[in-house]
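Quick notes on the structure that follows.
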Amino acid sequence: MAYDYDVALSFAGEDRDYVEKVAEVLKEMGIQVFYDKYEEVDLWGKNLYTHLDDVYQNKSKYCVMFISKYYKERLWTSHERESAQARAFESSEEYILPVRLDDTEIPGIRKTTGYINLNSIAPEDLANKIAKKINPNIDIDDMISYLKSWLDGYKIYTRGTKIVFESEFEEYHGEFSLRLLLEMYLVNELDRMFLLPAIVPH
């Protein structure tokens, strides 16, 4: 079945800072993500009650639910949760992917449901996990390991939507688009890029 979105993010406004960073990285990876700020023009003038019900119940492959005390208290998040749970009830596959900002219990989310605890996970790392759930071929950790095999002695890591390269030996610091490197990695062209000394010295 084709969906409009690979994943819909359901969260309380108080948790937006973390969620927005996740959304930015997912978008950079080429993931079709429903995040309200990206939909401002489309949402303008719509009946949000019915539209969001459709998004969270029918139009997304997965729903990542950012559970917190604020999530439990807000009316709109309750509406999104009920729509997502209706979809999950009818589905034979997992749909709701809960992540926890605290230990708040949410009606209908069983304690036995597998979840990710965000206490020690950076937004970039969560985005990578979501992307892998959607498409197992997207694995930033594997890509970085591959880059390190070519560039021995470099510190290579993600920072937001960039891949950062640092080398004390070469006195080099460079930042490259995550999307560009991922696209090249997926078509087995990444090594050709980094064989060029003008891009990254090695």
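Check cross-link reach from Lys133 to the aspartates and glutamates: straight Cα distance under 18 Å, and skip same-chain residues fewer than eight apart.
Qualifying aspartates and glutamates at Cα under 18 Å: Asp4, Asp6, Glu24, Glu28, Glu93, Glu94, Glu124, Asp125, Asp141, Asp142, Glu183.
Just need the relative contact order of the stretch 140-193 here, percent rounded to a whole number, with Cα pairs under 8 Å and 6+ apart.
Reported relative contact order: 25 percent.
What is the distance in Å between the Cα centroid of the stretch 25-91 and that of the stretch 158-173?
35 Å
Going through the stretch 118-178, which GluC sites (Glu not before Pro) have at most 13 other Cβ atoms within 10 Å and a DSSP loop state?
Listed in order of number, the matching sites are Glu168, Glu171.
Can I get the semi-axes of the stretch 140-193's equivalent ellipsoid? Compute them from the C-alpha gyration tensor as square roots of 5 times the eigenvalues, in angstrom, largest first.
Largest first, the stretch 140-193 gives 18, 13, 9 Å.
Pairs of alpha-carbon atoms within less than 8 angstrom and 6+ residues apart define the contacts here; what relative contact order does the stretch 28-110 have, in percent?
33 percent
Distance check, please: which entries in Lys69/Lys132; Lys59/Lys132; Lys21/Lys59; Lys69/Lys162; Lys111/Lys162; Lys46/Lys111 exceed 25 angstrom between their Cα atoms?
Lys69/Lys132; Lys69/Lys162; Lys111/Lys162; Lys46/Lys111
Between Val19, Val55, Val187, which gets the highest mean-square fluctuation from a Gaussian network model of the chain, Cα cutoff 10 Å?
Per the Cα network of the chain with a 10 Å cutoff, Val187 tops the list.
Using the Karplus curve 6.51 cos²θ - 1.76 cosθ + 1.60 with θ = phi - 60°, what ³J(HN,Hα) values do you get for each residue of the stretch 117-133, in whole Hz, with x for Gly and Pro?
In residue order, the calculated couplings are 8, 8, 4, 10, 10, 6, x, 4, 5, 5, 4, 5, 5, 5, 4, 5, 5 Hz.
Pairs of Cα atoms under 8 Å, at least six residues apart: use those to get the relative contact order of the chain, whole percent.
Contact order relative to length: 19 percent.
Values in this text are rule-based calculations from the coordinates and carry no lab data. Keep in mind that what you see is a predicted model, and the values were worked out from it rather than measured. Every residue, glycine as well, gets a Cβ built from its backbone with ideal geometry; the counts of neighbours run over all protein chains shown.
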